[in-house]
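Below is one structure, written out as structure tokens; comments come after it.
The values are calculated or read from the model by the stated rules, or taken from the named source; none is laboratory data. The structure presented is a predicted model; accordingly, all values stated were derived computationally and were not measured. As a convention, Cβ positions derive from the backbone with ideal geometry for all residues, glycine included, and neighbour counts pool all protein chains shown.
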Amino acid sequence: MGGEQPNPQPLNSSQTRDLNPFGKRVKSLEALIHVMDSRGELRLLEEICERAKDRGELDEEAVNRLRKIFGERFDRAWRLVEEGRIKRYIFQPSGRTIWIAVGKEREYLLLPDAAYCSCDDFYYRVVDGEAALCYHLIAQRLAEALGRFEEIYEGDEFYDDLMAEWRSQALEG
């Protein structure tokens, strides 16, 4: 009949190669499953951040869940939040917003809506599908949910210069 949907057929390993969201070929069915698990990580983080935003804090249960899912990445992210090393630049009058994670040796450009970070871990683990987020992006999401970030206002005339600086730091990596 007209409204019936076709019954989807299961994918075999040769059909899964093009399903990696980062455009790289998935080497195995196990790698594809890991990419799907990474999406679950992201959903869990968003759920916990929403709850933390409502409560104004991360409760012990949330900390334990985040630590179980992200391991050391959570610990490193939480350290960035606790040390106030997440910054949000707001350029005026345009309202453009840029997030920065202050690392030990340089600053990393974060584009949370695109789930992008300029750090090496992003290129080696996230782009390859080993993880959904680097610890800088986890820290940004937690800091934003909890309101624990430094907010810096700059004129639009500084946008190009600051972006060039952050891009050059990423290239130095």
Report task. Spot the failing condition for Arg67; the list is (1) out of contact with any Cys (no Cβ under 7 Å at 6 or more places or on another chain); (2) not in a helix (DSSP H, G or I), and only one is missed. Result -> (2)
Report summary line: Filter segment 107-160 for residues that are among the aromatic types (Phe, Trp, Tyr) and outside any strand (DSSP E or B); the one that is farthest from Gly40 (Cα to Cα) is Phe158
Query raised in the report: Do you know which residues across segment 84-105 are surrounded by fewer than 18 Cβ atoms within 10 Å (Cβ to Cβ) and either in contact with a Cys (Cβ under 6 Å, 6 or more places away or on another chain) or not in a strand (DSSP E or B) (or both)?
Result: Gly84, Pro93, Ser94, Gly95, Arg96, Gly103, Lys104, Glu105
Query raised in the report: How many residues are modelled with pLDDT under 50 and more than 21 Å from Pro112 (Cα to Cα) if we restrict to segment 35-73?
Result: 0
Query raised in the report: Can you name every residue in segment 63-110 that is among the small types (Gly, Ala, Ser), within 18 Å of Glu144 (Cβ to Cβ) and without any contact (Cβ under 8 Å) to a residue 12 or more places away in the chain?
Result: Gly95
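Listed here are the residues, each with its yes/no results for (1) surrounded by 12 or more Cβ atoms within 10 Å (Cβ to Cβ); (2) modelled with pLDDT under 90; (3) among the small types (Gly, Ala, Ser).
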position: Tyr135; (1), (2), (3): yes, no, no
position: Ala145; (1), (2), (3): yes, no, yes
position: Phe149; (1), (2), (3): yes, no, no
position: Gly155; (1), (2), (3): no, no, yes
position: Tyr159; (1), (2), (3): yes, no, no
position: Gln169; (1), (2), (3): yes, yes, no
**Report entry** Residues of segment 111-143 satisfying the condition of being aromatic (Phe, Trp, Tyr) and over 22 Å from Asp161 (Cβ atoms)
**Finding:** Phe122, Tyr123, Tyr124, Tyr135
Query - Number of the condition not met by Tyr108 [criteria: (1) touching a His at 6+ places or on another chain (Cβ under 8 Å); (2) over 18 Å from Arg167 (Cβ atoms)] - result: (2)
